[in-house]
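A.B. asks: Before I ask anything, here is the structure I am working with.
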Amino acid sequence: MSAPSEPLRLLLLADDASWTAQLDACLAQLGQNVSVISAPSWAVASSLLENPRQALLLSTPACLPAADDSQLPLILLLESEPDEAPPGVCDWLVRGNLTPDALRRCLRYARERQQMQDALQLLAEQDALTGIANRQGFQTLLAARLAESEGRGVTLGHLDLDNFRHANDALGYQGGDSLILQVVARIKAELQNGDQLARLGSDEFALLLDTRRDPQRAERLATRLTAALAEPYWVEGESLLVGCSLGLAHARVGSTADPLMWHAHIAMQQAKSQQGCTFHIYDERVNRSARNRADQEGELRRALRRDELELHYQPRLCLESGRIVGLEALVRWQHSEHGLLYPNEFVPLAEESGLIVPLGYWVISRALRDMQWLRGLGMPALHMAINLSFRQFQDSQLLPTLRRLIDERGVDAQWLEFELTETAVMRRSDQVQQTMLALARLGVRFSLDDFGTGFSSFVHLNNLPITLLKIDKSFVGGMGERAENRQLVRAMINLAHNLNLQVVGEGVENTEQLALLRQFGCDQVQGYLISKALPLNELARFLVIGLRQPLLGFKL
Ligand code: C2E
Ligand code: CA
Ligand code: CA
C-alpha cells in the first residue's frame, strides 16, 4: 500500500484535450500529491509508466484499452450520466458534475478498492501455513520469470516428501504442520536471492532457481538440500526421519511453464524410485518414460473410441429415511490386456493430457443414459453425482454441451449433481463461479468432494451454488482410532450445517463409523458398508432389493 507521501499516479486517456484541462483545474484545488500522465492511447501510456500496477486509469469511452490489457482500476469519463452502471468500471465522472470534491471521493474509492484487491490476490496466492507462495502463486511467478528471462538461467525443482501422510497420521495435524515448517526453514536456508519456493500441495514443493550466472549451481544446491532434508526432525519431543525426492528441469530458450513443470515432475518420480533423500535431473533417459506416457495417452484415446470405458455406480444412503437417495458414477477402464483399471490409474493422465474433457463428456452422457434406463425400470428418481475435474471447467463448451446432453436425454436437471474438489473450485475461482452459477440455473446441483483434504475459503464457498459437502474418507476412516478425528468430523458436519449444506460421509466401512456419523447428525453416507460401486445391472438388482426392504438390513 502506498505511503501518503508517494504521489498518486493518474493515467489520463482522453480524445478531447478539454478533459485534461478540467481535471487539472480540479486537482490543483485538491492540493493532493498527484502525478498525471496524459496520453492518446493505452499503448503509449503504458510505455511511460514505470510500475503500471500502481496507477488509476481515467479514460473516455473512445480511448479505453482492450478488455484485459490494463487491469488498472478504471474511472470512466462521460459527457452525460449513463442509464445504468457501465460494466467493468470502478466508477465514473460526468463532465457537468465534475467538482474537486467529486473527484477526490472518486479517486479515493478507486484506490482503496485496488488495495483491497491486491491484498486478496496476495491471500489467494499464498500458502496459509508457511506464508510462501501456493500453487497458484507459483504459476504466476514461473510464468513471469520465463517471460522475463526467455528461459535462460531458470531451473525448476519439484520436491516431494516421502511418506508424509504416514508421518501426519502418526503425529497428528499439529505435528504435521510443525514438520512442514521445519522443512520449509531448511529449504529456505539453502536458497539465494532470486530463488523462489512454493508449496504445491500438502507435501509437495516447487523451487524456482536462478542459474543465470552459474549453470552448475542447481546440482550443487540439490546435493546440499537433499542432505539437509535427510537430517532428523524434532517434532513434539520425538525425532523422525523423512525421505524426499527432488526433480530438476532446466528451462531452454522458449520453454513454457507447463512442459517444464511436467519435466521436473518426471525427474522427481525418477528420484522417488530410490530410497532416502535423492534428486534427479531431467534428461534423455527420463525422456523415454515421457514417450511412454505418449503411448499411454494414445491407448486411452483409443479406449474412448472403442468404448472400453464403463461406469460403475456407488449408492448413497439417507440416514433419516434409510433409503438410497443417490448414486455416484465412477469410471473404469476395461483394458484388453490389463483387465479392469481404476481411475487412479488413468484419470491423472487424462487430466494432464486434456483427454479428461472428452472422457468427461462420455461419462456425463453415459450417466444420463443410465439414469433414464433406471427410470424406465420404474425406479424412483435418484440423484446422479458425476465427478468433474478442474480441466473440464476450462472448456468453453461445457455449458452448451451439458445443456444439449440434458435436452437430448430428456432428464430432469434437478437430479443431476456434479462433484468438485475444494482445490478445483478455488483455482481460477471467478471463472469456475460463473460456470457453476450458469449450470445451477439449469437446475443442476453441486457438491464439494473430498472435503478437508484441500483448501477453500468460506467466503468463497458461501458464494457458490453448493448444496452438499462430502467428508473425505480419510477422516471417516480415522474416526475409530482417534478422538481428534471424531472431533474433526463432528466439527465438519456442524460447519456444513451452518453453511446450510447437507453432509455426506464417504468411505463408511463399518457400523461403528455409521453410528458415529448418525450421532453427529450426518445426513447421508456412502461406502463399502452400504455397497461398493456396481456395474449397472448389479446396481439395478441392488436397488430392487432395497425397494422392498428400505432399511437395507442396517440398524439405523
Ligand atoms: P472419489 O470421488 O473420492 O470417489 C470415491 C472413491 O472411494 C471411489 O474410488 C470409491 O470406489 C472409493 N470408495 C467408496 N467407498 C469406499 C469405502 O468404503 N472405503 C474405501 N477405502 N474406498 C471407498 P474410485 O472409483 O477408485 O475413484 C477414485 C477417484 O477417481 C474418485 O474419488 C474421483 O476423484 C476420480 N474419478 C472417478 N470417476 C471419475 C470421473 O468420471 N471423472 C473424474 N474427473 N474423476 C473421476
Ligand atoms: Ca467423488
Ligand atoms: Ca470423494
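The values are calculated or read from the model by the stated rules, or taken from the named source; none is laboratory data. In this text, all values refer to a predicted model and were calculated from it rather than measured experimentally. Heads up, the Cβs are rebuilt from the backbone with ideal geometry, glycines too, and the neighbour counts pull from every protein chain shown. We work out accessible area using only protein heavy atoms, side chains counted, and drop any ligands, DNA or RNA first. Shrake-Rupley method; radii C 1.70, N 1.55, O 1.52, S 1.80 Å.
A.B. asks: Spelling out what I want: for every residue of region 295-311, take phi, set θ = phi - 60°, compute 6.51 cos²θ - 1.76 cosθ + 1.60 (Karplus), and round to whole Hz; glycine and proline get x.
C.D. replies: With coefficients 6.51, -1.76 and 1.60, one gets 4, 4, 4, x, 4, 5, 4, 5, 4, 5, 5, 8, 6, 8, 8, 9, 10 Hz.
A.B. asks: Right, another one. What is the extension gain from Gln334 to Arg441, computed as 0.36 nm multiplied by their sequence separation minus the C-alpha to C-alpha distance, in nm to one decimal?
C.D. replies: Between Gln334 and Arg441, full extension yields an extra 35.0 nm.
A.B. asks: Taking amide H positions as placed 1.01 Å from N in the peptide plane, with prolines and chain starts having none, which residues 5 or more places from Asn387, or on another chain, fall under 5 Å of its amide H?
C.D. replies: For Asn387, the qualifying residues are Ala329, Glu419.
A.B. asks: Where does the Debye-calculated log10 I(q)/I(0) of region 8-125 sit at q = 0.15, 0.20 Å⁻¹, using only Cα point scatterers of equal weight, no solvent?
C.D. replies: Debye curve over Cα of region 8-125, log10 I(q)/I(0) at q = 0.15, 0.20 Å⁻¹: -0.64, -1.18.
A.B. asks: Based on alpha-carbon centroids, what's the gap between region 171-225 and region 492-549 in Å, whole number please?
C.D. replies: Cα centroid of region 171-225 versus Cα centroid of region 492-549: 41 Å apart.
A.B. asks: Considering only DSSP beta bridges with both partners in region 293-553, what is the antiparallel share in %, to the nearest 5?
C.D. replies: 40
A.B. asks: I've got another one for you. Ignoring everything except DSSP H segments at least 4 long, calculate the 222 nm mean residue ellipticity for the chain; use -39,500 (n - 2.57) per segment, divide by total residues, nearest 500.
C.D. replies: -14500 deg cm²/dmol
A.B. asks: Ignoring ligands, DNA and RNA, what accessible area per residue does region 293-553 give at 1.4 Å, in Å²?
C.D. replies: 46
A.B. asks: With θ set to phi - 60° and the Karplus curve 6.51 cos²θ - 1.76 cosθ + 1.60, what are the ³J(HN,Hα) couplings of region 233-238 in order, to the nearest whole Hz, using x for Gly and Pro?
C.D. replies: 9, 10, 10, 6, x, 10
A.B. asks: Moving on to the next point. Considering only DSSP beta bridges with both partners in the chain, what is the antiparallel share in %, to the nearest 5?
C.D. replies: Among the beta bridges of the chain, antiparallel pairing accounts for roughly 45 percent.
A.B. asks: Compute the accessible area per residue over region 135-282, keeping the other protein chains in place, probe 1.4 Å, unit Å².
C.D. replies: For region 135-282, the solvent-accessible area averages 49 Å² per residue.
A.B. asks: Let me ask something else. Report the Cα centroid-to-centroid distance between region 58-128 and region 237-265 in angstrom, as an integer.
C.D. replies: Here the answer is 41 Å between Cα centres.
A.B. asks: For Ala189 paired with Leu122, estimate the spin-label separation in nm (one decimal), with each label point 7 Å from Cα along the Cα-to-Cβ line.
C.D. replies: The modelled label-to-label distance comes out at 2.8 nm.
A.B. asks: Under a 1.4 Å probe, what is the accessible area of region 8-125 per residue, stated in Å²?
C.D. replies: In whole numbers, region 8-125 has 56 Å² accessible per residue.
A.B. asks: Near the amide H of Leu416, under 5 Å away, which other amide H atoms are found, from residues 5 or more places off or on another chain, if H is placed in the peptide plane?
C.D. replies: Met384, Arg445
A.B. asks: Tell me, in nm to one decimal, what length is gained between Thr256 and Glu484 on full extension, where the rule is 0.36 nm per residue of separation less the Cα-Cα distance?
C.D. replies: 77.7 nm
A.B. asks: Quick check: at a probe of 1.4 Å, how many percent of the accessible area of the chain sits on carbon and sulfur atoms?
C.D. replies: Answer for the chain: carbon and sulfur cover 49 percent of the accessible area.
A.B. asks: Report the accessible area of Lys473, computed with a 1.4 Å probe over the heavy atoms of all protein chains in place, in Å² rounded to the nearest 10.
C.D. replies: Solvent-accessible area, nearest 10 Å²: 120 Å².
A.B. asks: Once you put a point 7 Å from the Cα of Glu308 and another 7 Å from the Cα of Leu48, both along the Cβ direction, what distance in nm separates them?
C.D. replies: In this crude label model, Glu308 to Leu48 measures out at 6.3 nm.
A.B. asks: In nanometres, what is the gap between the two model label sites at Asp101 and Trp234, each 7 Å from Cα along Cα-to-Cβ?
C.D. replies: Rounded to a tenth, the inter-label distance reads 6.5 nm.
A.B. asks: Another question, then. Tell me, what ³J(HN,Hα) does each residue in region 180-190 have, in order and in whole Hz, if you take phi through Karplus 6.51 cos²θ - 1.76 cosθ + 1.60 with θ = phi - 60° and put x for Gly and Pro?
C.D. replies: Ordered by residue, 3J(HN,Hα) equals 4, 5, 5, 4, 4, 4, 5, 5, 4, 4, 9 Hz.
A.B. asks: Roll a 1.4 Å probe over the protein heavy atoms and report the accessible area of Thr421 in Å², nearest 10.
C.D. replies: 50
A.B. asks: Could you work out the per residue convex hull volume over the alpha carbons of region 293-553, in cubic angstrom?
C.D. replies: Hull volume over Cα atoms, normalised by residue count, gives 135 Å³.
A.B. asks: Can you bin every Cα-Cα distance in the chain into 20 Å intervals starting at zero and give me the percent of pairs per bin, rounded to whole numbers?
C.D. replies: With a bin width of 20 Å, the distribution comes to 17, 43, 33, 7, 0.
A.B. asks: Students sometimes get this wrong: rank Ser336, Ser389 by accessible area, probe 1.4 Å, all chains present, largest first.
C.D. replies: From most exposed to least exposed: Ser336, Ser389.
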